[in-house]
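Pasting a structure below so you can have a look.
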Amino acid sequence: MPSSVRVRVVEARDLPEMDRTVRGEFCTDAYVDIKFRNYEQRTAVCKKTLNPYWGEEFKFEVADDSVLQNEPIEFKVMDHDVYTTNDAIGLVYVDLSPLFMRTAERDQESRDLTVQGWFPLYDTLRGVRGALCLVIKVRFIGDQNPFRESSAGVQFFGVSTLNPELYTVQKVVGLVDELVVDNDPEYQWMDNFRQARTSNESRQSLLYKLDATVRRQLGKKVLDLGCNAVLAYQQDFDVEGDSGIVARAYGTACVIQRREQHSDITKASELSHTRQDTGGTALVYPRAGVFMVPEEEEEEEAQASSKTRVSPPWCVFDARFAVCGCCSYLLVLKL
């Protein structure tokens, strides 16, 4: 299925000092190289700053969805030098596979699947060297994506049992496995001539691709069996010298269904409507019952009680509902 990938390189922060000016000040002339399969792009050079801002956007057209799962997007931050070779600062690999785990109901609201945030810049020789802010959006050009035929695509769980309050296992099919082999870059003839950093980055890139490929191929087997999830998912990498690197993945194929979470919200909403004319602050609806802030209590006691029962972070559904991320309490706001 054809798709469009939009990449926005926003800014970077806490970059290392790579150059020294005439006045003795340390700075960095940073730019970003973007590589996605055969596509390559480059940002402008942001001079003499350790916290550069670019705000540039790039677009890639992809003809096959499997490419999005097999190939991560590589962001390489470099330091520009006029008279010498440009120096590498750090790398970021962004895997787009998690975007395919969105539910069909969520995708119908917006065709744009987005991953964004701060990503640590990692150098294979010197560790973490700052962070890069990215916004990546994927839009499917066709009306239907094969991954949307399932409610959530193929989900991979590292555990053998799921939380019964969230999922129900309807069917267990059995063991599925997959194996992918590729040549080890460190055993190629060109490794005798390239630097240690370049050799490490080649192997790192290969491991990312093997991880994505073996997971995608295993997921395809699961779909062929009529399942939508893999429990007890395990993945191993074997470095076998001249024979290459072997990626193995296996797990239990099964059919799962997510439990509806709307019943609690509906009940709490009905309770909140009964108190619209009586005032009050809020309703807190936990799993085991309903806690209502009494109107007779003093304001300080009511606030203290609500604080003990409700704690951040919040997952806001709309203007009237919010769920505590720590204890799963449902707060019905009185507007």
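The values are calculated or read from the model by the stated rules, or taken from the named source; none is laboratory data. Quantities reported herein were computed from a predicted structural model and do not represent experimental measurements. Here Cβ is always computed from backbone atoms with ideal geometry, including for glycine, and neighbour counts include all displayed protein chains.
Determine if segment 199-213 includes at least one residue that is among the hydroxyl-bearing types (Ser, Thr, Tyr), over 30 Å from ASP87 (Cβ atoms), assigned to a helix (DSSP H, G or I) and touching a helix residue (DSSP H, G or I) at 6+ places or on another chain (Cβ under 8 Å). Before the answer, list the steps.
Taking segment 199-213 first, the residues among the hydroxyl-bearing types (Ser, Thr, Tyr) are 199, 202, 205, 208, 213.
Now narrow it down to the ones that are over 30 Å from ASP87 (Cβ atoms): 213.
Within this subset, residues satisfying the condition of being assigned to a helix (DSSP H, G or I) are 213.
The next check asks that each one be touching a helix residue (DSSP H, G or I) at 6+ places or on another chain (Cβ under 8 Å); those that pass are 213.
The answer is yes; a qualifying residue exists.
Which of the numbered conditions does GLY127 fail, given that it passes all the others? Conditions: (1) modelled with pLDDT of 90 or more; (2) closer than 25 Å to VAL77 by Cα.
(1) is the only condition that GLY127 fails.
Condition test on PRO146, is it at pLDDT below 90, surrounded by fewer than 15 Cβ atoms within 10 Å (Cβ to Cβ) and in contact with a Leu (Cβ under 9 Å, 6 or more places away or on another chain)?
Details: at pLDDT below 90: yes; surrounded by fewer than 15 Cβ atoms within 10 Å (Cβ to Cβ): yes; in contact with a Leu (Cβ under 9 Å, 6 or more places away or on another chain): yes.
Yes; evaluated as a whole, the condition is true for this residue.
Can you find, within segment 13-54, the residue that is surrounded by the fewest Cβ atoms within 10 Å (Cβ to Cβ) among those that are among the hydroxyl-bearing types (Ser, Thr, Tyr) and not in a strand (DSSP E or B)?
THR21
Turning to a different aspect of this structure: Which of the following residues is loosely packed, with under 12 Cβ neighbours inside 10 Å, polar (S, T, N, Q) and touching a strand residue (DSSP E or B) at 6+ places or on another chain (Cβ under 9 Å): THR161, THR213?
Working: THR213 fails: loosely packed, with under 12 Cβ neighbours inside 10 Å.
Of THR161, THR213, the one residue that is loosely packed, with under 12 Cβ neighbours inside 10 Å, polar (S, T, N, Q) and touching a strand residue (DSSP E or B) at 6+ places or on another chain (Cβ under 9 Å) is THR161.
Any idea which of (1) of a type outside the set (Lys, Arg); (2) at pLDDT 85 or above; (3) touching a Lys or Arg at 6+ places or on another chain (Cβ under 8 Å); (4) crowded, with 19+ Cβ neighbours inside 10 Å is the one ALA152 doesn't satisfy?
Every listed condition holds for ALA152 apart from (2).
Could you say which residue among LEU210, LEU179 is hydrophobic (A, V, I, L, M, F, W, C), farther than 30 Å from ARG126 by Cβ and not assigned by TED's automatic domain parsing to the domain that holds ALA88?
Working: LEU210 fails: farther than 30 Å from ARG126 by Cβ.
Unique residue meeting the criteria: LEU179.
Something else: Out of GLU71, GLU105, GLU109, report the one residue that is among the charged types (D, E, K, R), touching a Lys or Arg at 6+ places or on another chain (Cβ under 7 Å) and at pLDDT below 85.
That would be GLU71, the only listed residue that is among the charged types (D, E, K, R), touching a Lys or Arg at 6+ places or on another chain (Cβ under 7 Å) and at pLDDT below 85.
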